[in-house]
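**Student:** First, the structure itself, so that you have it in front of you.
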Amino acid sequence: MPTITLGDVTITRVIEIDRSFYPTASMLPESTADAVQRHYGWIRPHFFDERTGDIGSRIQSYVVRTPRHTVVIDTGVGNDKPRDESPIWNMRQGAYLTDLEAAGVRPDDVDVVITTHMHVDHVGWNTRLVGGAWVPTFPRAKYLMAGEEWEFWNYERARNHEAATLIGDSVAPIVDAGRAVLVDTTHVIDEHLGFEPWPGHTPGHAAVRLRASGGDAVFSGDLMHRVVQVAEPQWNSRFCGDGPRARKSREEFLGRYADTGTLVCAAHFPQPGYIVTEGGQRRFAPAGA
Ligand SMILES: [Zn+2]
């Protein structure tokens, strides 16, 4: 289980699905193959997937252990959920909870679950199916979610079948069980963790920043889906709800964190790393390399 230690805090990735359903050309519709391949020199080998011949991707959770809390940031796709949009998401029977336990975390250990945004691959393990009902997977946890994000998807579920299914099985049961804490996107959790608003991908999309005795990190959610967007931030993903706003957030985020030594943990990157500038060009550098 890959773990990074930042002094008094550890970050562990629990990988639910080790590749994307969407090739880069499909995930980033504004990209071109030539422009993507120009960056392969730094994308290889750390961020490249030789199995698919494409930039690597993951669906994963970040487990953050601070002196105060055990925190799970984003909860993947989940098991037993009807997901017509993708065969690798539909009615999954994955080993996520076993893998979480292998990382030293049982569901009862989790104090806080943080949702960067309410897309299908970020809220799935919020709940699990027990006796025909969706119950909170982490029974003691407070689930922190942006109120703006909840309001948008609660509105959207009346209009959109996919949203209705997803919100109905993975978010509404948390709210109904009284486990949701709706916060604004500047919410400070404690001396270690806080929300940062980066709207565009969704209306209430947020990152989570971490301050630890051994350095800072930021969990950037879906500000970027493929590492190539560090160098080509003008390319939105096919799932960015408000393209111009998503692009502006991405560009500002890269400006804020480039060359700062802040560890960037993106929801779908194959591994964490740093935004660095070389010869006027930004790229992503793997942690520990
Ligand atoms: Zn995502």
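Readers should treat all values here as calculations from the given coordinates under stated rules, not as data from a laboratory. Every value quoted in this text rests on a predicted model; they were computed, and no experiment measured them. A quick note on method: Cβ atoms are made from the backbone with ideal geometry, for glycine too, and the neighbour counts reach across all protein chains shown.
**Student:** Condition (residue is crowded, with 17+ Cβ neighbours inside 10 Å, farther than 13 Å from residue 175 by Cα and within 16 Å of the ligand (Cβ to nearest atom)) applied to the stretch 125-143: is it met by at least one residue?
**Tutor:** yes
**Student:** Next question. Suppose we filter 84, 80, 108 for residues that are more than 27 Å from residue 224 (Cα to Cα), more than 13 Å from the ligand (Cβ to nearest atom), of a type in the set (Asp, Glu) and in a loop (DSSP other than H, G, I, E, B); which single one remains?
**Tutor:** Numbers: 84 fails: more than 27 Å from residue 224 (Cα to Cα); 108 fails: in a loop (DSSP other than H, G, I, E, B).
From the options 84, 80, 108, the qualifying one is 80.
**Student:** Moving on to the next point. Name every residue in the stretch 239-263 that is out of contact with any helix residue (DSSP H, G or I) (no Cβ under 6 Å at 6 or more places or on another chain) and either of a type in the set (S, T, N, Q) or outside any helix (DSSP H, G or I) (or both), in order of residue number. Working first, answer last.
**Tutor:** Step one: filter the stretch 239-263 for residues out of contact with any helix residue (DSSP H, G or I) (no Cβ under 6 Å at 6 or more places or on another chain), giving 239, 241-263.
Across the stretch 239-263, the qualifying residues are 239, 241, 242, 249, 258, 259, 260, 261, 262, 263.
**Student:** Here's something else I'd like to know. Suppose we keep only residues that are among the charged types (D, E, K, R) and touching an Asp or Glu at 6+ places or on another chain (Cβ under 9 Å) within the stretch 144-168. Which one would you say is nearest to the ligand (Cβ to nearest atom)?
**Tutor:** So in the stretch 144-168, the residues among the charged types (D, E, K, R) come out as 148-149, 151, 156-157, 159, 162.
Next cut, touching an Asp or Glu at 6+ places or on another chain (Cβ under 9 Å) only: 148, 162.
Details: 148: 18, 162: 14 Å.
Only one residue fits best here, namely 162.
**Student:** Now, a different point. Report yes if some residue within the stretch 88-95 is in contact with a helix residue (DSSP H, G or I) (Cβ under 6 Å, 6 or more places away or on another chain) and not aromatic (Phe, Trp, Tyr); otherwise report no.
**Tutor:** Looking only at the stretch 88-95, we keep the residues that are in contact with a helix residue (DSSP H, G or I) (Cβ under 6 Å, 6 or more places away or on another chain), and these are none.
Within the stretch 88-95 (the criterion being in contact with a helix residue (DSSP H, G or I) (Cβ under 6 Å, 6 or more places away or on another chain) and not aromatic (Phe, Trp, Tyr)), the answer is no, since none of the residues qualifies.
**Student:** Determine which member of the set 146, 206, 163 is under 21 Å from residue 236 (Cβ atoms) and free of Cβ contacts under 8 Å to residues at least 12 places away in the same chain.
**Tutor:** Residue meeting the stated conditions: 163.
**Student:** So, in the stretch 74-124, exactly how many residues are among the polar types (S, T, N, Q) and crowded, with 19+ Cβ neighbours inside 10 Å?
**Tutor:** 4
**Student:** Looking at the stretch 229-256, which of its residues are within 16 Å of the ligand (Cβ to nearest atom), of a type in the set (S, T, N, Q) and over 20 Å from residue 118 (Cβ atoms)?
**Tutor:** 229
**Student:** Checking residue 116 against (1) away from the ligand (no atom under 14 Å from the Cβ); (2) assigned to a loop (DSSP other than H, G, I, E, B); (3) hydroxyl-bearing (Ser, Thr, Tyr), which test does it fail?
**Tutor:** The number of the failed condition is (1).
**Student:** Checking the structure you have, find out if any residue of the stretch 95-103 is of a type outside the set (A, V, I, L, M, F, W, C) and within 16 Å of the ligand (Cβ to nearest atom). It would help to see each step written out before you state the result.
**Tutor:** From the stretch 95-103, those of a type outside the set (A, V, I, L, M, F, W, C) are 96, 98-99, 101; that's our starting set.
Subset that is within 16 Å of the ligand (Cβ to nearest atom): 96.
Within the stretch 95-103, one or more residues are of a type outside the set (A, V, I, L, M, F, W, C) and within 16 Å of the ligand (Cβ to nearest atom).
**Student:** Also, I was wondering about something else. Given (1) assigned to a loop (DSSP other than H, G, I, E, B); (2) surrounded by fewer than 24 Cβ atoms within 10 Å (Cβ to Cβ); (3) within 16 Å of the ligand (Cβ to nearest atom), where does residue 226 come up short, assuming only one miss?
**Tutor:** Failed condition: (2).
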